[in-house]
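Below: one structure, written as structure tokens.
Please treat every number below as a calculation from the coordinates, not as lab data. These numbers come from a predicted model, not from an experiment. In this analysis, Cβ positions are derived from the backbone assuming ideal geometry, glycine residues included, and neighbour counts consider all displayed protein chains.
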């Protein structure tokens, strides 16, 4: 048997395994209720190695999706959803030496990916790390965040281009929004929230609002919006993703009418799969 024949058989086997896994994942989602105040318009499902690259955070630049796994980065075409570029070792050695072992939420700005990197489960060291969006390679730039504002690490970050800010918050029962300058990541202020938000997994700015995905401790996972000036929290819509999935990151882009398409990443640890689900508000 030639090497070429072995390769063809291997590729067919991988395709078969992927197809079976997609069927199993689909069965997990059967009969789930429709979201409240939103509708599902599309969904990308990732399994096997693609799942490893797309299980934590997501952002976009209008042409590409950028994903994070626990210790991976991936880049996908927005039209096809296909992941075509990966970085399987993106956390720099100097941060690994501090215990960093997890990449959370991402945010895109001006050719760079801003990544939230932490050292779970101790959460003593939290960083914003910059990667080149074209290559997914570490740029050499990172910023340490104040520990007193990130007691449970930094699960997400969001760039506000209009205000030249970057936002973070505590993961558990956040009561304030942390506002940093994009220029040097110095703390500008904190904004009190009108109500606590629990288990924030990802966020992104769109038309002046901060959209936030939360992995609340039930099947119903709410998407919130936040007024970054006043701190007013509102429920945008609610969705039921079932017990086998964990809500992860979120990204937003404009449709042809400049209305938000909200893409939420959910991770199925049991099935080793992730869904990027596209929602429109109704």
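Sort largest first and round to whole Å: the equivalent ellipsoid semi-axes of the stretch 199-282, each the square root of five times a Cα gyration tensor eigenvalue.
22, 15, 10
Gaussian network model of the chain, Cα springs within a sub-10 Å range: biggest mean-square fluctuation belongs to which of 55, 68, 80?
The residue that fluctuates most here is 80.
Over the stretch 28-88, what portion of Cα pair distances is larger than 15 Å, expressed as a whole percent?
Value for the stretch 28-88 (Cα pairs over 15 Å): 54 percent.
For the pair residue 181/residue 77, report the inter-label distance in nm, with labels modelled 7 Å from Cα in the Cβ direction.
A separation of 4.2 nm, rounded to one decimal place.
What distance in nm separates the simple spin-label points at residue 84 and residue 230, each placed 7 Å from Cα in the Cβ direction?
4.4
Give the Kirkwood hydrodynamic radius (Å, one decimal) of the stretch 136-219, defined as one over the mean of 1/r across all pairs of different Cα atoms.
13.6 Å is the Kirkwood radius here.
Could you work out [θ]222 nm for the chain from helices alone, using -39500 (n - 2.57) per DSSP H run of at least four and dividing by all its residues? Round to the nearest 500 deg cm²/dmol.
Roughly -4000 deg cm²/dmol at 222 nm, from the helical runs in the chain.
Which distance in Å, rounded to a whole number, links the C-alpha centroids of the stretch 121-139 and the stretch 43-78?
Each part's Cα centre sits 15 Å from the other's.
How long, wide and thick is the chain, going by the Cα atoms along their three principal axes, in whole angstroms, largest first?
65, 45, 37
Quick one: check the C-alpha center-to-center distance for the stretch 156-196 versus the stretch 242-276, whole angstrom.
Cα centroid of the stretch 156-196 versus Cα centroid of the stretch 242-276: 22 Å apart.
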